[in-house]
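Student: Got a structure for you, questions after.
The values are calculated or read from the model by the stated rules, or taken from the named source; none is laboratory data. Note that the structure is predicted; figures quoted are calculated from it, not measured. Every residue, glycine among them, receives a Cβ derived from its backbone with ideal geometry; neighbour counts consider all protein chains shown.
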Amino acid sequence: MARRSTKTPPPDDAYEERILDIDVVDEMRGSYLEYAYSVIYSRALPDARDGLKPVHRRIVYQMNEMGLRPERGYVKCARVVGEVMGKLHPHGDASIYDALVRMAQPFSMRVPLVDGHGNFGSLGNDDPPAAMRYTECRMAEATSLMTESIEEDTVDFAPNYDGQEQEPVALPAAFPNLLVNGSSGIAVGMATNMPPHNLREVIAAARHLIRFPNADLDALMKLVPGPDLPTGGRIVGLDGVRDAYATGRGTFKMRASVAIETVTARRKGLVVTELPFTVGPEKVIAKIKDLVNAKKIQGIADVKDLTDREHGLRLVIEIKNGFVPEAVLEQLYKLTPMEESFGINNVALVDGQPLTLGLKELLEVYLDHRFEVVRRRSEYRRGKRRDRLHLVEGLLTALVDIDEVIRLIRSSENSAQAKQRLMERFSLSEVQTQYILDTPLRRLTKYDRIELEAEKEKLTAEIEELTRILESDAELRKLVSAELAAVAKKFGTDRRTVLLESAGTPVAAVPLQVADDPCRVLLSSTGLVARTADNEPFPKDAGAKRVKHDVIVSAVPATARGEIGVVTSSGRLLRINVVDLPQLAAPAAPPNLSGGAPLAEFVSLEDDETVVCLTTLDESSPGLALGTEQGVVKRVVPDYPSNKDELEVITLKDGDRIVGAVELRTGEEDLVFVTDDAQLLRFQASIVRPQGRPAGGMAGIKLTEGAKVITFTAVDPAADAVVFTVAGSRGTLDDSVQTTAKLTPFDQYPRKGRATGGVRCQRFLKGEDCLALAWAGPVPARAAQKNGTPAELPEVDPRRDGSGTSLPKTVGVVAGPVF
């Protein structure tokens, strides 16, 4: 039989929906305000007291709790992140690790709070940090200042997210971290963006404000003139900085630190050693390449990132020849991140409320916090010392009659009775009595009594000192100032960022490309080539002062954007662009090419091929005059097609080579051959018929058997000129061992016909059988050794075929005035 249920059925309305009629506007407003407050207070904005957001504060506090002191070993970042996330921070591990990484980056923080070991990223985040399972960390040395005396009841604690742990509301912060390291964050309806500053300067301003609480902004800005960015650079325009220090809002421009250097033998470049805050080199390189490809910027040949650990940031921007580096730099400032704006927005939490603060307000909030920390620390320490003094006084009371103490203890039934009898007999407190009972008998000697009396005196003095600090506001402020001074002395560094009132004179008026101004191209005896800044000749007394590389063997007039030719010993004429050559300063002394570049950097020479001279490519000139080792002479018709970079100016016989070449100016010069057997032939250039470039020339001097030409040149017959010869021995020529030299007026040598043997120019002495060196040209003549060191010439000898005199230094090259 079925059993009837005795349960009462539920009423019909038991499962009806219960709907609360709430205005959606009110619900959205309440929910959004709660969310906004959470973001503002618990995530995005720093506290004005310690300058930390909750995640940064929790990381520092937990590392301190884990004992990760600077003197300890590193631990994996994943361990720190796990401890912070598990105990204090109710968010994901990514946000915690990102915050930890930033605190370890010296290019992000002026005083890093984490000592990182491993890859913690790069400037501009071009190279992201490694995963937290690979990197290691510990507290930086300065981080101990943030948590110093936190165990001495200096700050308030609050429950963590689940109420099982306690975390500090703010850290003690022994230095103004918010101003020193800055902060940035985006909250709901507000944001903060604060630049870093120099620790010494900020502490100096704080100490000034301690001493003069009514100090104005001008006085503070004398100590803190502007931000000091971790990456250095330059801050251009300080009006925005002053606005920010006055009102909490302002803007300034950051510029890279750039130097103009000669980066290769051919080119100058912009060398960037410091970039604006948060800007990395990869970002700059990518932007420059985009601008070059889009043809929005001109004059850049290449960009190289030569950054390394030893030299730091080094970004080399090579400038094309013909462009003014200063003008290109201005374009880079305008179009690339090499110049960026920084908007200061000093929003921070003060008593839980977001406020926009100026420089003085930021310092005042920090100092109020520091006064409170030191006051609470002093109260804590005084309390601890009073407690200890109470125990020491009780122990000293017992030591006065130790025998009675022992008798009372031994005669008592139990410890409670002994405790009560001691309290009654010696008028001790319960704490003192318990401490006496817990003290071993070995501590109750005469020596320990002396130690206890000394400890009592020390405790009494410390209590008096702490009481004096707590009862005097002046003493408290003095102590805080002294502690700040100690921090600045230990951790302060020099300023990195240069402050500029303005950008200076703009280079907009300077043309982008080098003007096609007249100049001269010079070639020295040591193979250096350069162009002058103008076309003016050197002073007439240029020979009075001698410098290295001062013998210029060839010089031609040109223009900065023109071309010249280089004649080689194999009969080639090579074009080079004048603008590619390094430019010398306007000469005020003798010609000096120590700032030039090797000619081999601009032309490619074959084996055993040498440069003979420089020449213009002016087709209206009388042309080149060439002389070869086998005695051939040629005047070249000036025909230089502009579409060819290499031309042949003579067809040489096998084994022959050019020993001299000169560009004629009038065509009326005298051509001069000198052979190694001391024969000199002088004849007029006008008797040599000009020939086309492929021609092989004609007979110039008749050579004796075994003789060869050692020099060929052209001399103006109207000029005051000389002939210099050096005699030697064929067996010692390779060692440049010279015996005698002779300097003779040029007019002592008569003109002879072309293709004749000429006249003798020096008589050989015993041991001499050839000429090692010869030269003919205008005075004053200048001589040097092969390495460019100046050498002296002998006195003028009027004898055409006389013998030479000894030289103090071996002469390697001789040249006359080149202008």
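Student: Those residues that are part of a helix (DSSP H, G or I) and within 16 Å of Leu441 (Cα to Cα), I need them from the range 398-414; list them, please.
Tutor: Restricting attention to the range 398-414, the residues satisfying the condition of being part of a helix (DSSP H, G or I) are 398-400, 402-411.
Selection gives Ala398, Leu399, Val400, Ile402, Asp403, Glu404, Val405, Ile406, Arg407, Leu408, Ile409, Arg410.
Student: Within the range 158-217, which strands (runs of 3 or more DSSP E) (wholly inside it) include 1 or more residues that are in the same structural domain as Ser108 (by TED's automatic domain parsing)?
Tutor: Working: elements: 166-168, 183-186, 191-194.
Those strands (runs of 3 or more DSSP E) span 166-168.
Student: On to the next question. Residues in the range 314-329: is at least one within 28 Å of Gln105 (Cα to Cα) and not aliphatic (A, V, I, L, M)? Break it down into steps so the answer makes sense when it comes.
Tutor: Of the residues in the range 314-329, the ones within 28 Å of Gln105 (Cα to Cα) are 314-317.
Next, only the ones that are not aliphatic (A, V, I, L, M) stay: 314.
Yes, there is a match, as at least one residue in the range 314-329 is within 28 Å of Gln105 (Cα to Cα) and not aliphatic (A, V, I, L, M).
Student: Got at least one residue in the range 296-309 being under 19 Å from the mean Cα position of the chain (by Cα), within 19 Å of Pro230 (Cβ to Cβ), of a type outside the set (Asp, Glu) and modelled with pLDDT under 90? So that I can check it myself, show each step before the final result.
Tutor: Filtering the range 296-309 for residues under 19 Å from the mean Cα position of the chain (by Cα) gives 303-309.
Filter once more, keeping what is within 19 Å of Pro230 (Cβ to Cβ): 307-309.
In the following step, the residues that additionally are of a type outside the set (Asp, Glu) were identified as 307, 309.
From what's left, modelled with pLDDT under 90: 307, 309.
Checking the range 296-309: at least one residue is under 19 Å from the mean Cα position of the chain (by Cα), within 19 Å of Pro230 (Cβ to Cβ), of a type outside the set (Asp, Glu) and modelled with pLDDT under 90.
Student: Follow-up. Could you tell me which residue of the range 226-273 is farthest from the chain's Cα centre (by Cα), considering only residues that are closer than 18 Å to Val316 by Cβ, assigned to a strand (DSSP E or B) and in contact (Cβ under 8 Å) with a residue 60 or more places away in the chain?
Tutor: Across the range 226-273, the extreme among qualifying residues is Thr262.
Student: In addition: Would you call Val603 at pLDDT below 90 and either under 43 Å from the mean Cα position of the chain (by Cα) or among the β-branched types (Val, Ile, Thr) (or both)? Spell out the reasoning first.
Tutor: Values: at pLDDT below 90: yes; either under 43 Å from the mean Cα position of the chain (by Cα) or among the β-branched types (Val, Ile, Thr) (or both): yes.
Answer is yes for this residue.
Student: Looking at (1) farther than 30 Å from Leu171 by Cβ; (2) in contact (Cβ under 8 Å) with a residue 24 or more places away in the chain, can you tell me which one Arg376 breaks?
Tutor: Arg376 satisfies all of (1) farther than 30 Å from Leu171 by Cβ; (2) in contact (Cβ under 8 Å) with a residue 24 or more places away in the chain except (1).
Student: So which residues in the range 144-167 are crowded, with 17+ Cβ neighbours inside 10 Å and out of contact with any helix residue (DSSP H, G or I) (no Cβ under 8 Å at 6 or more places or on another chain)?
Tutor: Residue satisfying the conditions is Glu148 alone.
Student: If you check Ala741, Ala776, Ala727, which single one turns out to be under 20 Å from Gln684 (Cβ atoms), in a strand (DSSP E or B) and touching a Ser or Thr at 6+ places or on another chain (Cβ under 8 Å)? Reasoning before the result, please.
Tutor: Details: Ala741 fails: under 20 Å from Gln684 (Cβ atoms); Ala727 fails: under 20 Å from Gln684 (Cβ atoms).
When all the criteria are applied, what remains is Ala776.
Student: Name the residue, out of Leu395, Leu349, Leu437, Leu428, that is surrounded by 16 or more Cβ atoms within 10 Å (Cβ to Cβ) and either aromatic (Phe, Trp, Tyr) or in a helix (DSSP H, G or I) (or both).
Tutor: On the way: Leu349 fails: either aromatic (Phe, Trp, Tyr) or in a helix (DSSP H, G or I) (or both); Leu437 fails: surrounded by 16 or more Cβ atoms within 10 Å (Cβ to Cβ); Leu428 fails: either aromatic (Phe, Trp, Tyr) or in a helix (DSSP H, G or I) (or both).
Result of the check over Leu395, Leu349, Leu437, Leu428: Leu395.
Student: Next question. Taking the range 633-661 only, how many residues are buried (at least 19 other Cβ atoms within 10 Å of the Cβ), β-branched (Val, Ile, Thr) and over 13 Å from Ser569 (Cα atoms)?
Tutor: Selection size over the range 633-661: 2.
Student: Out of the range 606-641, which residues are of a type in the set (Gly, Ala, Ser) and either over 52 Å from the mean Cα position of the chain (by Cα) or not assigned by TED's automatic domain parsing to the domain that holds Phe712 (or both)? First the steps, then the outcome.
Tutor: Step one: of the range 606-641, the residues of a type in the set (Gly, Ala, Ser) are 620-621, 623, 625, 627, 631.
Residues satisfying the conditions are Ala625, Gly627, Gly631.
Student: Moving to a separate point now. From the residues in the range 252-270 that are of a type outside the set (A, V, I, L, M, F, W, C) and over 15 Å from Asp302 (Cα atoms), which one is surrounded by the most Cβ atoms within 10 Å (Cβ to Cβ)?
Tutor: Kept after step one, since they are of a type outside the set (A, V, I, L, M, F, W, C), are these residues of the range 252-270: 253, 255, 257, 261-262, 264, 266-269.
Remaining after also requiring over 15 Å from Asp302 (Cα atoms): 253, 255, 257.
Numbers: Lys253: 17, Arg255: 22, Ser257: 19.
Residue satisfying both the conditions and the ranking: Arg255.
Student: Further, regarding this structure: In the range 288-326, which residue that is over 17 Å from Pro582 (Cβ atoms) and acidic (Asp, Glu) is surrounded by the fewest Cβ atoms within 10 Å (Cβ to Cβ)?
Tutor: That would be Glu310.
Student: To continue, here is another question. From (1) touching a residue at least 24 places away in the same chain (Cβ under 8 Å); (2) over 27 Å from Lys490 (Cβ atoms); (3) not polar (S, T, N, Q), pick out the condition that doesn't hold for Ala130.
Tutor: Ala130 satisfies every listed condition except (1).
Student: Evaluate the following for Thr278: is it under 30 Å from Val169 (Cα atoms), part of a loop (DSSP other than H, G, I, E, B) and in contact (Cβ under 8 Å) with a residue 24 or more places away in the chain? Talk me through it step by step, then tell me what you get.
Tutor: Working: under 30 Å from Val169 (Cα atoms): yes; part of a loop (DSSP other than H, G, I, E, B): yes; in contact (Cβ under 8 Å) with a residue 24 or more places away in the chain: yes.
So Thr278 fits the description; yes.
Student: Ok, one more. Could you check how many residues of the range 398-416 are surrounded by 16 or more Cβ atoms within 10 Å (Cβ to Cβ) and either without any contact (Cβ under 8 Å) to a residue 24 or more places away in the chain or over 18 Å from Ser427 (Cβ atoms) (or both)?
Tutor: Going through the range 398-416, the residues surrounded by 16 or more Cβ atoms within 10 Å (Cβ to Cβ) turn out to be 398-399, 405, 408-409.
With either without any contact (Cβ under 8 Å) to a residue 24 or more places away in the chain or over 18 Å from Ser427 (Cβ atoms) (or both) added as a condition, the list becomes 408.
Final tally of qualifying residues: 1.
Student: Going by the conditions given, is Gly73 closer than 30 Å to Pro168 by Cα and either at pLDDT below 70 or not assigned by TED's automatic domain parsing to the domain that holds Phe120 (or both)? First the steps, then the outcome.
Tutor: On the way: closer than 30 Å to Pro168 by Cα: yes; either at pLDDT below 70 or not assigned by TED's automatic domain parsing to the domain that holds Phe120 (or both): no.
No; evaluated as a whole, the condition is false for this residue.
Student: For Asp21, work out the one condition from (1) modelled with pLDDT of 80 or more; (2) outside the structural domain of Asp156 (by TED's automatic domain parsing); (3) assigned to a helix (DSSP H, G or I) it doesn't fulfil.
Tutor: (3)
Student: I'd like to verify a number: residues in the range 64-107 that are more than 18 Å from Gly118 (Cα to Cα) and in a helix (DSSP H, G or I), how many?
Tutor: Within the range 64-107, residues that are more than 18 Å from Gly118 (Cα to Cα) and in a helix (DSSP H, G or I) number 10.
Student: Determine if the range 135-143 includes at least one residue that is out of contact with any helix residue (DSSP H, G or I) (no Cβ under 9 Å at 6 or more places or on another chain), part of a loop (DSSP other than H, G, I, E, B) and farther than 30 Å from Arg249 by Cβ. Break it down into steps so the answer makes sense when it comes.
Tutor: From the range 135-143, those out of contact with any helix residue (DSSP H, G or I) (no Cβ under 9 Å at 6 or more places or on another chain) are none; that's our starting set.
No.
Student: Say whether the condition of being assigned by TED's automatic domain parsing to the domain that holds Thr675, modelled with pLDDT under 85, touching a strand residue (DSSP E or B) at 6+ places or on another chain (Cβ under 7 Å) and surrounded by fewer than 16 Cβ atoms within 10 Å (Cβ to Cβ) is met by at least one residue in the range 767-785.
Tutor: Scanning the range 767-785 turns up at least one residue that is assigned by TED's automatic domain parsing to the domain that holds Thr675, modelled with pLDDT under 85, touching a strand residue (DSSP E or B) at 6+ places or on another chain (Cβ under 7 Å) and surrounded by fewer than 16 Cβ atoms within 10 Å (Cβ to Cβ).
Student: Further question on the same structure: Are any residues in the range 95-123 of a type in the set (D, E, K, R) and closer than 22 Å to Glu201 by Cα, and if so, which ones?
Tutor: Matches in the range 95-123: Arg110 only.
Student: Considering Pro196, Pro213, Pro227, which residue is surrounded by fewer than 20 Cβ atoms within 10 Å (Cβ to Cβ), under 20 Å from Leu357 (Cβ atoms) and not small (Gly, Ala, Ser)? Can you show your working first?
Tutor: Working: Pro196 fails: surrounded by fewer than 20 Cβ atoms within 10 Å (Cβ to Cβ); Pro227 fails: surrounded by fewer than 20 Cβ atoms within 10 Å (Cβ to Cβ).
Selected residue: Pro213, the only one of Pro196, Pro213, Pro227 that is surrounded by fewer than 20 Cβ atoms within 10 Å (Cβ to Cβ), under 20 Å from Leu357 (Cβ atoms) and not small (Gly, Ala, Ser).
Student: What's the total number of residues in the range 445-465 that are of a type in the set (Lys, Arg) and either touching a residue at least 60 places away in the same chain (Cβ under 8 Å) or not in a helix (DSSP H, G or I) (or both)? Spell out the reasoning first.
Tutor: First pass over the range 445-465, keeping only residues of a type in the set (Lys, Arg): 446, 449, 456, 458.
This time we only want the ones that are either touching a residue at least 60 places away in the same chain (Cβ under 8 Å) or not in a helix (DSSP H, G or I) (or both), so: 456.
Qualifying residue count, the range 445-465: 1.
Student: Would it be correct to say that Pro798 is assigned to a loop (DSSP other than H, G, I, E, B) and either within 17 Å of Thr713 (Cα to Cα) or at pLDDT below 80 (or both)? Spell out the reasoning first.
Tutor: On the way: assigned to a loop (DSSP other than H, G, I, E, B): yes; either within 17 Å of Thr713 (Cα to Cα) or at pLDDT below 80 (or both): no.
Answer is no for this residue.
Student: Still on this structure, please answer the following. Looking at Asp716, Asp670 in this structure, which one is over 23 Å from Arg572 (Cβ atoms) and surrounded by fewer than 18 Cβ atoms within 10 Å (Cβ to Cβ)?
Tutor: Working: Asp670 fails: surrounded by fewer than 18 Cβ atoms within 10 Å (Cβ to Cβ).
Testing whether each residue is over 23 Å from Arg572 (Cβ atoms) and surrounded by fewer than 18 Cβ atoms within 10 Å (Cβ to Cβ) leaves just Asp716.
Student: Please go through the range 358-388 and pick out each residue that is more than 30 Å from Glu457 (Cα to Cα), part of a helix (DSSP H, G or I) and under 38 Å from the mean Cα position of the chain (by Cα).
Tutor: First, the residues of the range 358-388 that are more than 30 Å from Glu457 (Cα to Cα): 358-369.
Narrowing the set further to residues that are part of a helix (DSSP H, G or I) leaves 359-369.
Across the range 358-388, the qualifying residues are Leu359, Lys360, Glu361, Leu362, Leu363, Glu364, Val365, Tyr366, Leu367, His369.
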